[in-house]
Amino acid sequence: MEDEASAIALETRELTKIYRMGAVEVHALRGVDVDFREGELVVLLGPSGSGKSTLLNILGGLDTPTSGTVMFRGQPLTMDSERALNLYRRNHVGFVFQFYNLIPSLTARENVSLVTEIARNPMSPVEALSIVGLGDRLDHFPAQLSGGEQQRVAIARAIAKRPDLLLCDEPTGALDSKTGILVLEAILKINRELGTTTALITHNAVIAEIANRVLYFADGRIVETRQNAAQRAPGELAW
Ligand SMILES: Nc1ncnc2c1ncn2[C@@H]1O[C@H](COP(=O)(O)OP(=O)(O)OP(=O)(O)O)[C@@H](O)[C@H]1O
Ligand SMILES: [Mg+2]
């Protein structure tokens, strides 16, 4: 993303999250202020337990903060209304997780259709699957697809509703490097061609090379950010 002046898609202010487990309090987020610009690709790095998934889930309306605000295109998310969060998720957010959560009894095309049937302005399942390079696997069941192909079906499912935000939590965590690169290429293509603002959590520092910007988490805070002078193509990476 070359345009430094592009608008802010998402911003958080003084975000905290405390999980209370009986008498024990876990401070998962300790005051996070971060902006994501429209069309930006941001990678989140940091040790296990540092708060990455907690932040991603709050950004996507899957979880709510203990305090602080999230603004989507200048409007605060209404955290006390499950219905409002539900609409926000449905209309604006695509999620991709480490495990693909496909329905085994449905084909690739049918898994994607589950989303396109309830979306406002979806692309067709065929189009979504073609974007991720699976135009020739439409009628395969998950068990007939490799792990990387299953993850690309999950990505097609996430992007078929043309979300404004694509939130990916360790999308390559279960994949070997060759397959992981194909999945990253699909995510990057969506980011480029659809302009989808994308946040991607990984444990693999090499993957940060594909980002516009990298956020480093430690102990519930963003402790460092790095703007990449140039993005590297997934195919150039090795791990
Ligand atoms: N539902 C929950 N209930 C209680 N504690 C939680 C819950 N979810 C997360 N935590 C705690 O909050 C902290 C941050 O967790 P989070 O999942 O955000 O970390 P993470 O950076 O994504 O770690 P990982 O890299 O292992 O996925 C951890 O200490 C975790 O144990
Ligand atoms: Mg996590």
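Summary table below
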| read-out | value |
| --- | --- |
| Top-ranked residue of the range 168-184 - restricted to ones that are out of contact with any strand residue (DSSP E or B) (no Cβ under 8 Å at 6 or more places or on another chain) and assigned to a loop (DSSP other than H, G, I, E, B), ranked as farthest from ligand 1 (Cβ to nearest atom) | Asp176 |
| Boolean, Ile159 is out of contact with any Phe, Trp or Tyr (no Cβ under 9 Å at 6 or more places or on another chain) and open to solvent by 20 Å² or more (accessible area, probe 1.4 Å) | no |
| Gly49 being among the small types (Gly, Ala, Ser) and within 16 Å of ligand 2 (Cβ to nearest atom) | yes |
| Filter result (open to solvent by 30 Å² or more (accessible area, probe 1.4 Å), among the polar types (S, T, N, Q) and either modelled with pLDDT of 95 or more or closer than 22 Å to Asn57 by Cβ (or both)) within the range 173-205 | Asn204 |
| Any chance Arg90 is away from ligand 2 (no atom under 16 Å from the Cβ) and surrounded by fewer than 19 Cβ atoms within 10 Å (Cβ to Cβ) | yes |
| Test: residue in the range 131-145 that is crowded, with 23+ Cβ neighbours inside 10 Å and touching a strand residue (DSSP E or B) at 6+ places or on another chain (Cβ under 9 Å) | no |
| Subset of the range 185-200 [away from ligand 1 (no atom under 16 Å from the Cβ), among the hydrophobic types (A, V, I, L, M, F, W, C) and closer than 16 Å to Ala233 by Cα] | Ala186, Ile187, Leu188, Ile190 |
| Check on Val70, under 12 Å from the mean Cα position of the chain (by Cα) and not in a loop (DSSP other than H, G, I, E, B) | no |
| Cβ pairs under 7 Å, 6+ apart, first in the range 33-59 and more than 16 Å from Leu165 (Cβ to Cβ), second away from ligand 2 (no atom under 15 Å from the Cβ) | Asp33/Thr12; Asp33/Arg13; Asp33/Glu14; Leu45/Ala205; Leu45/Ala208; Leu45/Val214 |
| Hits in the range 115-152 (condition: more than 19 Å from the chain's Cα centre (by Cα), in a helix (DSSP H, G or I) and aliphatic (A, V, I, L, M)) | Val126, Ala143 |
| When residues of the range 206-238 are limited to those that are of a type outside the set (A, V, I, L, M) and assigned to a helix (DSSP H, G or I), the one least open to solvent (accessible area, probe 1.4 Å) | Pro234 |
| Unique residue being part of a helix (DSSP H, G or I) and either over 30 Å from Asp139 (Cβ atoms) or away from ligand 2 (no atom under 16 Å from the Cβ) (or both) when the list is Leu102, Leu106, Leu56 | Leu56 |
| Test result for Val34, assigned to a strand (DSSP E or B) and either open to solvent by 10 Å² or more (accessible area, probe 1.4 Å) or away from ligand 1 (no atom under 14 Å from the Cβ) (or both) | yes |
| Subset of the range 208-234 (residues that are more than 19 Å from the chain's Cα centre (by Cα) and acidic (Asp, Glu)) | Asp219, Glu224 |
| Cβ-Cβ under 8 Å pairs, at least 6 apart or on other chains, the range 70-87 side without any contact (Cβ under 8 Å) to a residue 24 or more places away in the chain, far side among the charged types (D, E, K, R) and open to solvent by less than 50 Å² (accessible area, probe 1.4 Å) | none |
| Residue that is within 13 Å of ligand 1 (Cβ to nearest atom) and either surrounded by 15 or more Cβ atoms within 10 Å (Cβ to Cβ) or farther than 26 Å from Ile207 by Cβ (or both), where the choices are Ser124, Ser53, Ser67 | Ser53 |
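The values are calculated or read from the model by the stated rules, or taken from the named source; none is laboratory data. No experiment lies behind these values; they were computed from the predicted model shown. No Cβ is skipped: glycine too gets one built from the backbone with ideal geometry, and neighbour counts run over all protein chains shown. Side chains included, ligands, DNA and RNA excluded: accessible areas come from the protein's heavy atoms. Shrake-Rupley method; radii C 1.70, N 1.55, O 1.52, S 1.80 Å.
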